[in-house]
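See structure below.
Here, each number is a calculation from the coordinates, and none is a lab measurement. Since this is a predicted model, take the numbers as computed values, not measurements. In this analysis, Cβ positions are derived from the backbone assuming ideal geometry, glycine residues included, and neighbour counts consider all displayed protein chains.
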Amino acid sequence: MTTVTTPANTHISPAAQISTNGNRPTPAREPGLSTRALHAGVQRDPFHHSLTPPIVQTSAYAFTHTAAAVDFMDERMRTGKRSRQEYGRYGNPTVQAVEQRLAALDHGEDAILVSSGMAAITTSLLILLSAGDHLIVTDDSYHKTRVFVNTFLRRFGVECSTVPADDLAGLEAAIRPNTRLILSETPTNPFLRCIDLEALADIARRRGVLTLIDSTFATPLNMRPLDYGIDLVMHSATKYLAGHNDLMAGVITGRSELTTILRESQSMFGAVVDPTTAYNIARGLQTLGLRVERQNASGLAVATFLENHPKVRRVWYPGLPSHPDHAIARKQMSGFGGVVSFEIAGDGAAASRFVDALRLPYIAPSLGGVDSLVIQPAIISYYETPPEERLALGIRDELVRFALGIEEADDIIADLAQALNRLHL
Ligand SMILES: Cc1ncc(COP(=O)(O)O)c(C=O)c1O
């Protein structure tokens, strides 16, 4: 079986990334994001003339004879690089093809697929930080990220400061001589707060600090933080990128100077992606452009409907002028995504009755897939958090997070309307 050789360490334009596969001519123009989501990293594989990239489902790669193994090891020692595949944890052609496609989408030089979004965060932080380093995270970020930095990383001697996502002056003031990294989501979960990426990158560059953005909620279709000078981007590929609520994966993209460091240790950490999972991500990516376009449009329609409904107290959606970060979102995002958070004008029990009256979404803790999902964050993500701590984060019992799938917006709105109508507050 032919292996895909991934030029992981060389920066190539998205057009070239597409044209280098299988001696195809360079595309007539720099390809758009949907085109890249389909074609980047896809080798026109001569294997049985298969239109679909094969799943190379193996844990090890064979040498024809001992001398070939010796040549391979000699070359590896001399160059520090692998000229072919050796063992599943060090690389897989199906996985590498998807990594190339994800790098092209994020405008990165390289991408590393890992086994979950949390693996992308923990791997990056454990590799980039050492005992004695200081980390800054913004608040309103994914709950488990906060738990990881405040418990686990502390055990390893890494200090962490949490600063409000809307206070860049406060963030700069929190930088210390030993600050190595700033980690932020944008948009955040669940309040969709947006951090000004250009301003953040400027502060970090001036102060010699690395930046890592969790861009899961935006997707590369709506925002590409690397374009603003951010050093590394990660996504929970479990969400929009794979898009079907059927697998777990994460990805880190960025300059190859940084991803090379991550990749070397990643093969030791071992949180690799199975080739079949990689294939399913590639399959999901084929419709990313269509799905996100639909979810952006539905997100805005649903948020507008909810904002005008008397039984809804408040809506958070970055595409609404009422959102505190609407101006930042408009500056750096081309669409505002498919997650809408809102408070029912009643108590937590009323919110639960509303959620239970909905007929289309599943009550489930994820987002970005084809099926709509709904949760009350106080019940699903923050159930174990003491109520006073939860309230300090703004997570009230009546808060609902609706993650839109690809159902028609009118159907979702009709469902929301009937559930709200049945609410007697
Ligand atoms: C913004 C964000 N980052 C990271 C993660 C973790 O991703 P995963 O569940 O794939 O480990 C999640 C999961 O919900 C998330 O919402």
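Taking the DSSP bridge list for the chain and keeping only pairs wholly inside it, about 55 percent are antiparallel. The stretch 157-194 and the stretch 364-425 have Cα centres lying 26 Å from one another. Computed from backbone phi with θ = phi - 60° and the Karplus coefficients 6.51, -1.76 and 1.60, the 3J(HN,Hα) list for the stretch 154-162 is 4, 4, 9, x, 9, 8, 9, 10, 10 Hz; x is used for glycine and proline.
The relative contact order of the stretch 289-421 comes to 28 percent, based on Cα pairs under 8 Å that sit 6 or more residues apart.
Taking amide hydrogens as placed 1.01 Å from N in the peptide plane, the amide H of THR179 sits under 5 Å from those of HIS134, each at least 5 positions away in sequence or on another chain.
Listed values for the stretch 266-274 are Karplus-derived 3J(HN,Hα) couplings in whole Hz (6.51 cos²θ - 1.76 cosθ + 1.60, θ = phi - 60°), namely 4, 5, 8, 5, x, 7, 7, 9, 6, and x replaces Gly and Pro.
Please label the shape of the chain as rounded, prolate or oblate, based on the square roots a ≥ b ≥ c of the eigenvalues of the alpha-carbon gyration tensor (a/c under 1.5 means rounded; beyond that, a/b larger than b/c means prolate, else oblate). Cα axes put the chain in the prolate bin. Computed from backbone phi, the HN-Hα couplings of the stretch 235-249 come to 9, 7, 5, 3, 8, 5, 4, 6, x, 10, 6, 10, 7, 10, 6 Hz, rounded to whole numbers (Karplus: 6.51 cos²θ - 1.76 cosθ + 1.60, θ = phi - 60°; Gly and Pro given as x).
When only the Cβ of Lys, Arg, Asp and Glu is charged (+1, +1, -1, -1), the dipole of the chain relative to its Cα centre reaches about 620 debye. Say a paramagnetic label sat at a point 7 Å from the Cα of SER334, along Cα to Cβ; which residues of the stretch 84-114 have their backbone N under 16 Å from it? Flagged as within label range: 102-108. On full extension, the segment bounded by ALA349 and ARG205 gains 47.1 nm, given 0.36 nm per residue less the C-alpha separation.
Averaging the sequence gap over all C-alpha pairs within less than 8 Å and six or more residues apart, then dividing by the number of residues, gives the chain a relative contact order of 15 percent. Calculated mean residue ellipticity, 222 nm, the chain: -11000 deg cm²/dmol, from DSSP H runs (n ≥ 4) at -39500 (n - 2.57) each, averaged per residue and rounded to 500.
Considering only alpha-carbon pairs that sit under 8 angstrom and 6 or more positions apart, the relative contact order computed for the stretch 34-177 is 19 percent.
Candidate cross-link partners of LYS144 among the aspartates and glutamates, defined by an alpha-carbon separation under 14 Å and a same-chain spacing of 8 or more, comprise GLU185, ASP214, GLU384. Take the chain and mark each of the GluC sites (Glu not before Pro) that is in a DSSP loop with at most 13 other Cβ atoms within 10 Å; the longest unmarked stretch, sites excluded, is 1-383. If the segment from THR276 to THR304 were pulled out straight at 0.36 nm per residue, it would be longer than the present Cα-Cα gap by 6.1 nm. Mind checking which lysines have their C-alpha under 22 Å from LYS331, skipping anything on the same chain fewer than 8 residues away? The reachable lysines, counting only those whose Cα sits under 22 Å from LYS331, number zero. The slack in the chain from ASP74 to ALA60, taken as 0.36 nm per residue of separation less the alpha-carbon distance, amounts to 3.1 nm.
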